[in-house]
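Step one of this worksheet: look at the structure below.
The values are calculated or read from the model by the stated rules, or taken from the named source; none is laboratory data. The structure presented is a predicted model; accordingly, all values stated were derived computationally and were not measured. With ideal geometry, Cβ positions are generated from the backbone for all residues, glycine too; neighbour counts draw on all protein chains shown. Side chains included, ligands, DNA and RNA excluded: accessible areas come from the protein's heavy atoms. Shrake-Rupley method; radii C 1.70, N 1.55, O 1.52, S 1.80 Å.
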Amino acid sequence: METLFSQQFLVEGGDFRNAGNASTQIKTILKQIGIPGEVIRRVAIAAYEAEMNMVMYAKRGVMTLRIEPMKVEISVEDEGPGIEDIELAMQEGYSTASPEIREMGFGAGMGLPNIKKNSDEFSIASTVGKGTQLSIRIRNRVVQSE
Amino acid sequence: MKLDQIVRQLGVRVRTTEDKVKEVEVKGGYASDLLSDVIGNAKEGYLWVTLQTHANILAVAKLKDIAAILLVNSRKPDADTLEKAEKEGIVLLESDLSTFELVGRLYEMGIR
């Protein structure tokens, strides 16, 4: 499929000051392009959770936004501790966040489940000690004329 | 309901973006201190009631097109939260009441 738009966003682990900037930019881009509101809402949730996971757990990571006529794709690749038990990490309420992070209202164990819930296609792969990759695809419900 | 009606009736303090209070329409409300919960469940135009005061609440408000953030129990927004909220045009409100009491009053006013 032809890519209409693509952009990479760098995310620094531990950088709570700028946390949320990448997903906010993604939302702005989708709005400017004229993606339907319902699609934007789902992408924004998935992008925010993926970004926060990198801020909380990874050393650094890259989030790539790709917009195609039929779908919006977000791929995430981070350098970090990886996830030991993916099945457990996908369970709502399970979290390995520190008490400090939880006090800020993060680490509720809802991130990955929220991403999955808002994706049409979702895949996750992880290598302990190396990092985690996510692929998030959300169907673009309005077919573009070109 | 317009935000300024809520501000007057509850006697809450407006900390940022005062000029928007008259225009903003509140379509509903959500109370939670877990950001993932808010990202997943709050809706556009909702008033968000929380005790979190750090700047990360602003990204959540922006992503969800929240009408305003209402801080409970006399909690003060962090200095960078105030600065960023003003810059990004997000309304921050402060109240001396608890979440329970605020939500009860808002619900009575018809915010659901």
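Using a simple spin-label model with pseudo-atoms 7 Å out from Cα toward Cβ, B:LEU51 and B:LYS22 lie 3.6 nm apart. Between the alpha-carbon centres of region B:40-84 and region A:42-106 there is a gap of 21 Å. By DSSP, the beta bridges lying fully in the protein assembly as shown are antiparallel in about 75 percent of cases. Sparsely packed loop sites in region B:1-42 (the trypsin sites (Lys or Arg not before Pro) outside DSSP H, G, I, E and B with at most 10 other Cβ atoms within 10 Å) do not occur.
The length gained by stretching the chain between B:MET109 and B:LYS2 to full extension, at 0.36 nm per residue less their Cα-Cα distance, is 37.4 nm.
Restricted to Cα atoms, region B:1-106 shows a radius of gyration and a Dmax of 12.0, 31 angstrom.
Across peptide A:78-90, the mean count of Cβ atoms from other chains lying within 10 Å of each residue's own Cβ comes to 0. Under 5 Å from the amide H of A:GLU68 lie the amide H atoms of A:LEU4, A:GLU73, each residue being 5 or more positions distant or on a separate chain, with H modelled from the backbone and absent for Pro and chain starts. Using bins of 5 Å that start at zero, the share of Cα-Cα pairs per bin across the protein assembly as shown amounts to 1, 6, 13, 17, 18, 15, 13, 9, 5, 2, 0, in whole %. For the residues B:ILE69, B:ILE39, B:ILE90, a GNM of chain B with alpha-carbon springs under 10 Å puts the largest fluctuation on B:ILE39.
Quick one: ranking B:ASP37, B:ASP80, B:ASP96 by accessible area, 1.4 Å probe, largest first, what do you get?
Details: B:ASP37 30, B:ASP80 55, B:ASP96 95 Å².
Order by accessible area, largest first: B:ASP96, B:ASP80, B:ASP37.
Helix A:21-33: angle to the longest alpha-carbon principal axis of chain A, degrees 0 to 90, nearest 10? In chain A, helix A:21-33 runs at an angle near 10 degrees to the longest axis. The charge dipole of chain A, taken about its Cα centre with unit charges on the Cβ atoms of Lys, Arg (+1), Asp and Glu (-1) only, comes to about 420 debye.
Computed with a 1.4 angstrom probe on protein heavy atoms, the A-B interface buries about 1600 square angstrom of accessible area in total.
Counting, for every residue in B:30-43, the Cβ atoms of other protein chains within 10 Å of its Cβ and taking the mean gives 5.
Considering Cα pairs under 8 angstrom that are at least six residues apart, work out the relative contact order of chain B and quote it in whole percent.
Values: 219 pairs, mean separation 33.5, N = 112.
This gives 30 percent for chain B.
Report the normalised scattering of chain A as log10 I(q)/I(0) at q = 0.10, 0.18 Å⁻¹, calculated by the Debye formula with identical scatterers on the alpha carbons. For chain A, the Cα-only Debye profile gives -0.32, -1.01. Mean projected area of the convex hull spanned by the Cα atoms of region A:90-146, taken over all viewing directions: 6.1 nm².
Hydropathy at least 1.0 by Kyte-Doolittle, axial extent at least 15 angstrom from the Cα trace: which helices of chain B, defined as entire DSSP H runs, fit?
Helices meeting the criterion: none.
Within region B:1-96, report the GluC sites (Glu not before Pro) that DSSP leaves as loop and that have at most 14 other Cβ atoms within 10 Å.
Within region B:1-96, the qualifying GluC sites (Glu not before Pro) (loop, at most 14 other Cβ atoms within 10 Å) are B:GLU23, B:GLU44.
Over the residues of the protein assembly as shown, the helix contribution to mean residue ellipticity at 222 nm works out to -10500 deg cm²/dmol, using -39500 (n - 2.57) for each DSSP H run of at least 4.
Where in region A:60-143 are there chymotrypsin sites (Phe, Trp or Tyr not before Pro) that are in a DSSP coil and have at most 10 other Cβ atoms within 10 angstrom of their Cβ?
Details: sites: A:TYR94, A:PHE106, A:PHE122; in loops: A:TYR94, A:PHE106.
Of the chymotrypsin sites (Phe, Trp or Tyr not before Pro), not one in the loops of region A:60-143 has a Cβ with at most 10 other Cβ atoms within 10 Å.
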